[in-house]
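The values are calculated or read from the model by the stated rules, or taken from the named source; none is laboratory data. Predicted, not measured: the structure shown is a model, and the values here were computed from it. Surface areas here come from the heavy atoms of the whole protein model, side chains and all, with no ligands, DNA or RNA. Shrake-Rupley method; radii C 1.70, N 1.55, O 1.52, S 1.80 Å.
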Amino acid sequence: MAKTSTTTQGLRAAIERSGYYPALVAEAVEAAVGGEPIRSYLVHQETTFDQNEVRRHVTVLVLTGNRFIVSHTDEQAADNTSPTPYATTSTESVKLGRISSIVVSRVVANPESYKPGTLPREIVLTIGWGAVSRIDLEPAACGDPNCEADHGYTGSSTADDLSLRVSEAGDGPETVRQALTFAQALSEATADTAR
């Protein structure tokens, strides 16, 4: 889908609906996208509780013809470095060919009566492109319960650059639908670059 005024307006409207510093978020995202056509997008706001404070965070994901753009904006309370509250926004641009994994985990109620096309209760979208990896290690062992030898370690490395949870109860069915649409568009785009 080429960038149209409808796609651009939809992204802008979704950023404004989040109600979270829309001018700041939109400016950062639009600067990162530049003049590239937008193929798909997802705006996700998350509210967290940190001791006695409520903090908001918004993530905006944008898919263009060549890139995957991630924008994060966080608000911070006044602290030793700033006498007033402030927000931090960052964008990362990833070439589609660098994306190594896309995992969509779906949680479905009453799976025995599931009908195709039914919206999941929640999804977790995990995207890896090699910037951040998680290594889980544990001591290696052999089958001998009396063995005292050091067998080193065994483990796994997982690409875990972005993990985003979207639920029908917390975010609404339209956000879950948009997350699935975005995940499918990203998956298709990365398959195109692999050919």
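Tabulated data
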quantity: Carbon + sulfur, % of accessible area of the chain - ligands and nucleic acids excluded, 1.4 Å; calculated: 49 percent
quantity: Helix 5-18 axis, angle to the chain major axis (alpha carbon atoms, nearest 10°); calculated: 70 degrees
quantity: Candidates Ala77, Ala23, Ala149: whichever shows maximal mean-square fluctuation once the chain is modelled as a Gaussian network with Cα springs under 10 Å; calculated: Ala149
quantity: Nearest-ten-degree value, helix 173-194 long axis tilted from longest Cα axis of the chain; calculated: 70 degrees
quantity: Ellipticity estimate at 222 nm from DSSP helix runs (n ≥ 4, -39,500 (n - 2.57)) divided over the chain, nearest 500; calculated: -8500 deg cm²/dmol
quantity: Prolate/oblate/rounded call for region 24-121, Cα gyration tensor, a/c under 1.5 rounded; calculated: oblate
